[in-house]
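To keep things clear, I will list the structure first and then write my remarks on it.
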Amino acid sequence: MTGTRAGSESEDSVYDVAVIGYGPTGVTAANLLGAMGLRVVVLERDDAIFARARAISTDEEVVRIWQRIGLAERLKQDMLTERDVDFVDADGRTFISARPTPRGHGHPPQMFIYQPALEQVLRDGVDRYPNVEILLRHECLRLRQDADGVELTVVGTADDSVHRLRASYVIAADGGSSLTRAQLNIGYEGTTYEDRWVVIDTKMLKPWPDHDKLRFHCDPARPAVDCPTPLGHHRWEFPILPGDDEKQLTTEEAVYRLVARYGISRDSIDILRATVYSHHVRFATRFRMGRVFLAGDAAHAMPPWIGQGMAAGVRDVANLCWKLDAVLSGHLPESVLDSYEAERKPHVREVTRRAVFVGRIITERRRPVARVRNGVLRTLDRIPGFGDRTQDSHWIPVARYKAGLQARPRTKATGHQIPQPWVTGPDGTRVRLDDALGGRWALLHANTAVPQLVWSRSGVSSLTITPLGSGPAEGTLVDSDGVLLPWMRRHGAATLALRPDAYVYAAATAGALLPPPPQGFTSSTAPRLDASSTQ
């Protein structure tokens, strides 16, 4: 696509949502909103997908989000899954080895990606929706809000044409240097680390031993990241040390010298690009200003050590888009949009804290400290499962919101995202849970339904979860994997009220009534997502 995908209305065009930025965060938002039937315009200053692979991994929860838009299985075709993660010392000896532990979202716990290919699949997905208009080589110069919406002054960089667009809401996913955030005068506070890193992307010409493992070379002399990426690619990352010539370190000769330390010869790889970047820990002082919402790097930036930068942006829009749809369709009051920052900011802060922690382990430069680290962790790694448990506890926080759109009083289940096993529907078809729920509010009952009249009068459907071995029946889902009923028991819940994003809004014990729906809530029994694709 080189310009407008669905026409070129240049004056006073009106949309439900304008999305600024068409990277992974923006394109995920475009798919989610398009599937909901909203009228959307996407503004992107570049004319093509950014060629450099920035993100290199994602996780099961993010793929679960892409499942909602019918693209998970296609995306997984281009991913590497089930790869070990090794931390090795200066001599290449492993002192801790781990494999990510599944969290129950229905997909592999960690997957390596090649970002340009991933973005292409997501952009192709947007083409399913005639209600989404894509304006490449267009940039938003000015935003002006009023009581009814946002007016955007947009320039076409190809011909300097000026457009005035209008949207009810705006999602700004325009990166760490967000012009939208600057226009709104929202602060971007935090730290930029002194160390700069050279990132080397290569095409693998012939394999070498353990080429498909992620290895963190924790060498005090010069740490390194050695990462497999799919579709025949491989990445290395090295810090620029005091005395290094940054420009020289990105030359072909210098790159071959850096990778030669790990046995990589010139005939093993073709160097695609070598780029220098800095690590940042930054948070926008606010994620919302009126009708404009910051998402992805425009709202927060973190170091890459646990591969969650892109994932955090995808989680942002997954949290936000269904709420925008609910407000625009009149099913929830506008005040519910305040829960976006309340839910997302604490989670992304915790993810960032863990990324910094893992980075400190990898980049320790004091040799005595590194020796102690290696010895202690190597000893602990001999304990069966230690590495896996360590990564599980220190890698990505379990999905739970402690504030935001949830009922009071809170219960043990409130704010958790329910796991996603395979279930058997009333017609006997085996499907993933989210596909059975269809992206709408729902009540789940363990074994026996307790009437919840306030919820049923609001149009929320009820499903009874029956045990493995039960026969399909109207109004039931069979717990085919034996996951849902034990999860509900562990969380003391016999009835759950689930939001469209599968987070628990409210829970009740056996025989008890749920708290009422949110104030101002009305529902629709029709699914809000139409992925237009099979899983």
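Between ARG489 and LEU380, the distance separating the two model label sites (each 7 Å from Cα on the Cα→Cβ line) works out to 3.3 nm. Qualifying GluC sites (Glu not before Pro) in the stretch 21-79, where qualification requires a DSSP coil assignment and no more than 16 other C-beta atoms within 10 Å, are lacking entirely. Quick check: Cα centre of the stretch 423-449 to Cα centre of the stretch 463-484, how many Å? Centre-to-centre distance over Cα atoms comes out at 8 Å. Accessible surface for the stretch 60-203, divided over its residues, is 38 Å² per residue with a 1.4 Å probe. Inter-part distance, the stretch 9-68 to the stretch 132-161, computed on C-alpha centroids, equals 15 Å. Full extension of the chain segment joining ASP160 with ARG286 gains 42.2 nm, where the gain is 0.36 nm per residue of separation less the Cα-Cα distance. For LYS402, a cut-off of 25 angstrom between C-alpha atoms picks up these lysines, skipping any fewer than 8 places away in its own chain: LYS323, LYS345, LYS412. Within the accessible area of the stretch 274-325, the carbon and sulfur atoms contribute 50%, probe 1.4 Å, all protein chains present. One decimal place: the segment GLU334-ARG353 gains 3.7 nm when fully extended, by the rule 0.36 nm per residue minus the C-alpha distance. Taking label positions 7 Å along the Cα-Cβ direction at both ARG261 and GLN183, the computed distance is 4.5 nm, reported to one decimal. Restricting attention to the chain, close to 70% of DSSP beta bridges with both partner residues there are antiparallel. Measuring nothing but protein heavy atoms, the accessible surface of the stretch 156-233 at 1.4 Å probe radius is 49 percent carbon and sulfur.
Here ARG378 sits with roughly 50 square angstrom of accessible surface, probe radius 1.4 Å. Only aspartates and glutamates eight or more places from LYS76 in sequence, or on another chain, were considered; those with a Cα closer than 14 Å are ASP59, GLU60, GLU61, GLU119. Protection proxy ranking for 468-474, 363-369, 491-497, using the average of other Cβ atoms within 10 Å per residue and placing the highest first: 491-497, 363-369, 468-474. Radius of gyration (Cα atoms) of the stretch 240-389, expressed as a multiple of 2.2 N^0.38 Å: 1.46.
Residues of the stretch 215-231 falling in the label zone of ARG371, defined by backbone nitrogen less than 16 Å from a point 7 Å along Cα to beta-carbon, are 219-221.
Between LYS412 and ASP46, what is the FRET efficiency for a Förster distance of 41 Å, r being their Cβ-Cβ separation, to the nearest 0.05?
On the way: r = 46 Å, r/R0 = 1.13.
It comes out at approximately 0.30.
Does the stretch 260-301 classify as rounded, prolate or oblate by the C-alpha gyration tensor (a ≥ b ≥ c root eigenvalues; a/c under 1.5 gives rounded; else a/b over b/c gives prolate, otherwise oblate)? Judged from the Cα gyration tensor, the stretch 260-301 comes out prolate (a/c at least 1.5, a/b above b/c). The LEU205 and ALA403 beta-carbon pair, evaluated with R₀ = 51 Å, returns a calculated FRET efficiency of approximately 0.50. Could you check how many percent of all C-alpha pairs in the stretch 1-156 are farther apart than 21 Å? The answer is 54 percent, as a whole percent. Taking 37 °C and 0.692 mPa s as conditions, the stretch 328-380 diffuses translationally at an estimated 224 µm²/s according to Stokes-Einstein applied to its Kirkwood radius (Cα pairs).
How would you rank 295-301, 77-83, highest first, on the average number of other Cβ atoms within 10 Å across their residues?
Details: 295-301: 28.7, 77-83: 16.0.
Per-residue mean Cβ counts within 10 Å order the peptides as 295-301, 77-83.
Would the stretch 38-87 count as rounded, prolate or oblate if I go by the C-alpha gyration tensor, calling it rounded below 1.5 in a/c and otherwise prolate when a/b exceeds b/c, oblate otherwise? Because a/c hits 1.5 or more and a/b fails to exceed b/c, the stretch 38-87 counts as oblate. From helices alone, the chain scores -8000 deg cm²/dmol at 222 nm; the rule is -39500 (n - 2.57) for each run of n ≥ 4 DSSP H residues, then divide by the residue total.
The values are calculated or read from the model by the stated rules, or taken from the named source; none is laboratory data. Computed from a predicted structure; not experimentally measured. All Cβ positions, glycine included, derive from the backbone under ideal geometry; neighbour counts span all protein chains shown. Only protein heavy atoms, including side chains, enter the accessible area calculation; ligands, DNA and RNA are left aside. Shrake-Rupley method; radii C 1.70, N 1.55, O 1.52, S 1.80 Å.
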